[in-house]
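*Asks:* Take this structure, written in structure tokens, and hold onto it; I'll ask about it next.
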Amino acid sequence: MNDKSTSYSPINLLKGARSREKSLLSLLRVLVELESPSDDKAAVDRCVDLTAEAAAALGAQIRRHRQRTTGDVLEARFDTPSRTRRRASKPILLLGHLDTVWPLGTLATMPFRIHKGCAWGPGVLDMKAGVAMALAALDLLRAEGLQTRPVTLLLVGDEETGSHASRAITEKIARRCESVFVLEPAQGIEGAYKTARKGIANYRVHVAGVAAHSGVNFEQGHSAIAELARQVAVIEGCTNLRRGITVNVGTIQGGTRSNVVAAEAWAEVDVRFPRVADFPALDRWLRNLRVKDKRCVLKMEGGINRPPMERTRGTAALYQRAAEVAAAMGLDLKEASTGGGSDGNFTSALGVPTLDGMGAVGEGAHALQESVELKHLAPRTALLAAMICEA
């Protein structure tokens, strides 16, 4: 730990976090039971209402970035008491989201519950536990007089659908911050912090063919489905596992009836790549695909959604600091990379040191078994609080 961290005790933070477990779980239940699917603005906004109220009760200044079609973006600023404020200190950004992948009504078959040492429910891991942990950590620091740097808690409402509306807000705020701590779930049951994420690009491949009756004049048709099938084989051949590049054709549709040579077909393609330098050649290659059947027309739309979060020197330094603090608490903190994206991809690409996976430990994100391991909640909350002190 650095010299500036000597004013706090990791063990005392851990004790303080344990004393807040009951209130943390209570807030987590309320958040989970306020279902907030990305495609329901009103539902996400109800979750924003509750979280804004909880943050304000801790002394935050609330700014709500209104959105027309997606959930609002919540910006909660926690200033430092004048007696602990560092001169010219830049804020720490705690970054997360309040939207989930689960539709309204999921609670009927997947209720919030505590069972076998875990909390279960839609969105409990991804990532409402991270939100509750952040508020508990800030409450702990304020109570102990340990917050020496301003903190901004930024929670968006469209992360699960690509952050198209919120990205500019996230980037604008991140540029003013010293570092970014992302409240997404940890990597795996071992609870690793994430120091790298792959970039994501999405494409839609559309093929127009020539329709014909499959029995009467088959030879006059030019099947868009047949052409797209040939293109799919070529596209998936771009996967290079050695370099960490994957190209997946995830959905495919086309045609009208079995007795009609298909006039149209299309597919959606997901591309993941670990380095910024990988993308230009991938993009050019996909856009330069050519049809085999010259009577068909191919159109490629789309492009990059999230740049990769590469393991920069600044991110590595944050992880090393976290590992030292964790060791002082008796924890063994690992680091990991992942193919999934988060809003941390955006902030890291700006050059702001970004540490991800600082939320809950559990399993089953986006799945029926979504759950959070309760034994990790207090230690991870204490570690998050300590990292705010360390920053």
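Read the figures in this text as sums done on the coordinates, not as results from a lab. None of these values were measured; they are calculated from a predicted model. Here the Cβ is made from the backbone with ideal geometry for all residues, glycine too, and neighbour counts use every protein chain on show.
*Asks:* Over the stretch 199-306, what is the mean sequence separation of C-alpha contacts under 8 Å (at least six apart), divided by residue count, expressed as relative contact order in percent?
*Replies:* Working: 226 pairs, mean separation 46.7, N = 108.
The value is 43 percent.
*Asks:* With a cut-off of 8 Å between alpha carbons and a minimum separation of six or more residues, what is the relative contact order of the chain in percent?
*Replies:* Details: 894 pairs, mean separation 95.7, N = 391.
The value is 24 percent.
*Asks:* Straight-line reach only, C-alpha to C-alpha below 18 angstrom: list the lysines that Lys22 could link to, leaving out same-chain residues fewer than 8 apart.
*Replies:* Answer for Lys22, where 18 Å is the Cα cut-off: Lys116, Lys128, Lys375, listed by chain and number.
*Asks:* Let me ask something else. With n ≥ 4 as the cut-off for DSSP H runs, can you work out [θ] at 222 nm for the chain, using -39500 (n - 2.57) per run divided by the number of residues, rounded to the nearest 500?
*Replies:* Only helices count here, giving -9500 deg cm²/dmol.
*Asks:* Excluding residues fewer than 8 places away in the same chain, name every one of the aspartates and glutamates whose C-alpha is closer than 20 Å to that of Lys15.
*Replies:* Correct list for Lys15: Asp139, Glu144, Glu324, Asp332, Glu373, Glu390.
*Asks:* Hey, another quick one. In which sequence would His65, His115 go, from the one with the fewest C-beta neighbours within 10 Å to the one with the most? Numbers along the way, then the final one.
*Replies:* Numbers: His65 18, His115 8.
By the 10 Å Cβ count, ascending: His115, His65.
*Asks:* Highest mean first, what order results for 354-364, 189-199 on Cβ atoms within 10 Å? Write down the numbers at each step before the final one.
*Replies:* Details: 354-364: 25.8, 189-199: 21.9.
Per-residue Cβ counts within 10 Å, averaged per peptide and sorted highest first, yield 354-364, 189-199.
*Asks:* In addition: Per 0.36 nm of contour for each residue apart, how much would the distance between Lys116 and Ala143 grow if the chain were fully extended, relative to their Cα-Cα spacing? If you can, show how the numbers build up before the last one.
*Replies:* On the way: separation 27, 0.36 × 27 = 9.72 nm, distance 3.17 nm.
Length gained between Lys116 and Ala143: 6.6 nm.
*Asks:* Could you please state, rounded to a whole Å, how far the C-alpha centre of the stretch 230-250 is from the C-alpha centre of the stretch 323-363?
*Replies:* Centre-to-centre distance over Cα atoms comes out at 28 Å.
*Asks:* Let me know the shape class of the stretch 173-212, please: from the alpha-carbon gyration tensor, a ≥ b ≥ c as square roots of the eigenvalues, rounded when a/c is under 1.5, otherwise prolate if a/b is greater than b/c, or oblate. Provide the component values of the computation, followed by the final result.
*Replies:* Numbers: a/c = 5.51, a/b = 2.22, b/c = 2.49.
Judged from the Cα gyration tensor, the stretch 173-212 comes out oblate (a/c at least 1.5, b/c at or above a/b).
*Asks:* Could you sort 341-352, 138-149, 216-227, 248-259 so that the peptide with the highest average Cβ count within 10 Å comes first and the rest follow in order? Walk me through the numbers before you get to the answer.
*Replies:* On the way: 341-352: 23.1, 138-149: 20.2, 216-227: 16.8, 248-259: 12.1.
Answer by packing, highest mean first, reads 341-352, 138-149, 216-227, 248-259.
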